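Okay, structure first, notes after.
Where a number appears in this text, it was derived from the coordinates with a stated rule and is not lab data. Remember, predicted model here, so these are calculated numbers, not experimental data. Note that each Cβ is placed from the backbone with ideal geometry, even for glycine, and that neighbours are counted across all protein chains shown.
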Amino acid sequence: MNTTIRNADEKINIDQLIHRNVALSPLSSFGTGGEADWLATPKNLPELRAIVGWAREKNLPVTILGGGSNVLISDDGVEGLVLLTSGLTSYHFRGSIFCTQAGLPLDTAINVAIEHSLSGLEPLGGLPGTVGGAVRGNAGAGGLWISELIEWIDYLDSEGNLARYHGIDNGFSYKHSPFTGTNRIIYEIAFRLVPNKNSSDARLKKEQSRTERLESGQFDFPSAGCIFKNPRGTSAGKLIDEAGLKGMAIGGATVSENHANFIVNNERKATSNDIFELSTMVAHEVKKRFDIELEREIILLGRWNI
Ligand SMILES: Cc1cc2nc3c(=O)[nH]c(=O)nc-3n(C[C@H](O)[C@H](O)[C@H](O)COP(=O)(O)OP(=O)(O)OC[C@H]3O[C@@H](n4cnc5c(N)ncnc54)[C@H](O)[C@@H]3O)c2cc1C
């Protein structure tokens, strides 16, 4: 191939950035899934733009992958280019505004903010995944939705141009953001935080959130957290539990005994197809028993024939 792209003042060697047939299961919290046709991990904006430009030139679809903690990757792999954000981890501060690139792990971002005497993100302590993934799905925990703290978001639009979304525009709702179902790539997020006089209190609060998660057994087995969104006025976990589905298994995938809305890869032998089939069966049983449709929260990535 040997393509060199000039971008700003930098010379970018695309061949060194893009890799063929890369296994994705180590990049997913379920530990399942096939290969990416192509995978790239940009470390800065010029690289990101060059990679996206390369994919557009070749007419390849682009799939974004953050921490892989809310996705189910097809066993048949992902067509086109997988753009892994884990190299985009720079951050800076402007007063009480905390600007971070999308690939920074959320838990690290919270620690960094606290070190800079800024508070607000602590209830999300221990939430797996990246800041970009959390913003894309409007992640929430401990009574906080991440969208509540957003000042602006810089993203690449479908043409590869950098654009800005302002947090005051109202595009967020339950597990939904202005980026859901689009091909916009979240690049950098600015959070408006609150100066704290006592960093040790903030650190304690954040550690409590993280420890509660660990102690609740959420990380005992590979999973992607909640499989289904909560239907209006009730909890998916409660419905699944009351339908007697805890412990139900297909292949290597099991409905968690601990948290009914989790499907776990408890023996690390599940395929993505096992997990998909089990989630379909759970939704079917809940519909039969309560006449309520469960909607998947996890995102299906790659080649699915459904
Ligand atoms: C044990 C466990 C507990 C969990 N608990 C919670 C919880 O309490 N609350 C909660 O809300 N979630 C929870 N989750 C789900 C998950 O951790 C969050 O949804 C997390 O924010 C996903 O981030 P990620 O980086 O892993 O995203 P990924 O799984 O990599 O991606 C999720 C989606 O976002 C897209 N995406 C990722 N990065 C970008 C980007 N930069 N630009 C555009 N699109 C992007 C992907 O294409 C995909 O569609 C839990 C998961 C696990 C495994």
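Let me know the charge dipole size of the chain about its Cα centre in debye, to the nearest 20, where only the beta-carbon of Lys, Arg (+1) and Asp, Glu (-1) is charged. Before the final figure, lay out each step's value.
Values: 30 positive and 36 negative charges, 73 e Å.
Here the chain has a charge dipole of around 360 debye.
Among rounded, prolate and oblate, which fits the chain when a ≥ b ≥ c are the square roots of the eigenvalues of its C-alpha gyration tensor, a/c under 1.5 means rounded, and a/b larger than b/c means prolate?
Values: a/c = 1.89, a/b = 1.18, b/c = 1.61.
The shape class here is oblate.
Just rank Met248, Met281, fewest to most, by other beta-carbon atoms within 10 angstrom. List each step's numbers first, then the result.
Numbers: Met248 17, Met281 14.
Lowest to highest Cβ neighbour count: Met281, Met248.
As a test of the formula, what do you get for the chain when each DSSP H run with n ≥ 4 contributes -39,500 (n - 2.57) and the sum is divided by the residue count, at 222 nm and rounded to the nearest 500 deg cm²/dmol?
It lands at -7500 deg cm²/dmol.
Net charge within 15 Å of Ser29 by Cβ-Cβ distance, Lys/Arg positive one each and Asp/Glu negative one each, not counting Ser29 itself? Can you show the working numbers first?
Working: positive: Arg213, Arg268; negative: Asp107, Asp220, Glu297.
After counting each charged neighbour, the total is -1.
Give the Rg/Rh ratio for segment 236-301, taking Rg as the radius of gyration of the Cα atoms and Rh as the Kirkwood radius, to two decimals. Walk me through the intermediate numbers first.
On the way: Rg = 11.1 Å, Rh = 11.7 Å.
Rounded to two decimals, Rg over Rh is 0.94.
Along segment 228-243, what does the Karplus equation 6.51 cos²θ - 1.76 cosθ + 1.60 (θ = phi - 60°) give for ³J(HN,Hα), rounded to whole Hz, x for Gly and Pro?
Rounded to whole hertz, the list is 10, 6, 6, x, 3, x, 8, 10, 4, x, 5, 5, 5, 4, 5, 7.
If each residue's Cβ is checked for other Cβ atoms within 10 Å, how do Leu27, Leu245, Leu83 rank with the fewest at the top?
On the way: Leu27 20, Leu245 17, Leu83 23.
In order of increasing Cβ crowding within 10 Å: Leu245, Leu27, Leu83.
Using +1 at the Cβ of each Lys and Arg and -1 at the Cβ of each Asp and Glu in the chain, identify which of Gly244, Leu127, Ile298 lies farthest towards the dipole's positive end.
In the chain, that residue is Leu127.
To the nearest Å, what is the center-to-center distance of segment 56-79 and segment 93-165, using C-alpha atoms only?
Cα centroid to Cα centroid, the span is 22 Å.
Enumerate by residue number the GluC sites (Glu not before Pro) in segment 249-306 meeting two conditions: DSSP loop (anything except H, G, I, E, B), and at most 14 other Cβ atoms within 10 Å of the site's Cβ.
Glu257, Glu267, Glu293, Glu295
Expected output is a single nm value to one decimal: the length gained when fully extending between Arg56 and Asn13, i.e. 0.36 nm times separation in residues minus the C-alpha distance. What is it?
Numbers: separation 43, 0.36 × 43 = 15.48 nm, distance 1.66 nm.
Additional length available on full extension: 13.8 nm.
Taking neighbour counts of Cβ atoms within 10 Å as a proxy for exposure, in what order, fewest first, do Lys43, Lys206, Lys11 appear? List each step's numbers first, then the result.
On the way: Lys43 15, Lys206 23, Lys11 11.
Lowest count first: Lys11, Lys43, Lys206.
Are there any trypsin sites (Lys or Arg not before Pro) in segment 211-255 that are in a DSSP loop and have at most 13 other Cβ atoms within 10 Å? List them by number. It would help to have the intermediate numbers written out before the result.
Values: sites: Arg213, Lys229, Arg232, Lys238, Lys246; in loops: Lys229, Arg232, Lys246.
Sites meeting the loop and neighbour criteria: Arg232.
Label segment 95-150 by shape, choosing from rounded, prolate and oblate, from the square roots a ≥ b ≥ c of the eigenvalues of the Cα gyration tensor; if a/c is under 1.5 it is rounded, and otherwise prolate applies when a/b is larger than b/c, oblate when it is not. Walk me through the numbers before you get to the answer.
Numbers: a/c = 1.43, a/b = 1.25, b/c = 1.14.
Rounded.
Starting from the Cα of Ile306, step 7 Å toward the Cβ, then list every residue of segment 65-88 with an amide N under 17 Å from that point.
Output list for this probe position: 69-79.
Please report the antiparallel percentage of DSSP beta bridges with both residues in segment 17-90, rounded to the nearest 5.
Working: 5 of 13 bridges.
Percentage antiparallel, nearest 5: 40.
Would you kindly derive the ³J(HN,Hα) couplings of segment 164-179 from the backbone phi angles with the Karplus curve 6.51 cos²θ - 1.76 cosθ + 1.60 (θ = phi - 60°), listing them in order in whole Hz, with x for Gly and Pro?
Taking θ as phi minus 60°, the curve returns 10, 9, 9, x, 6, 6, 8, x, 9, 8, 4, 6, 9, 9, x, 9 Hz for segment 164-179.
Which entries of Lys229/Lys269; Lys229/Lys288; Lys175/Lys205 have Cα-Cα distances beyond 29 Å here? Mind showing how you got there, number by number?
On the way: Lys229/Lys269 25 Å; Lys229/Lys288 18 Å; Lys175/Lys205 24 Å.
Cα-Cα > 29 Å for no pair; all within.
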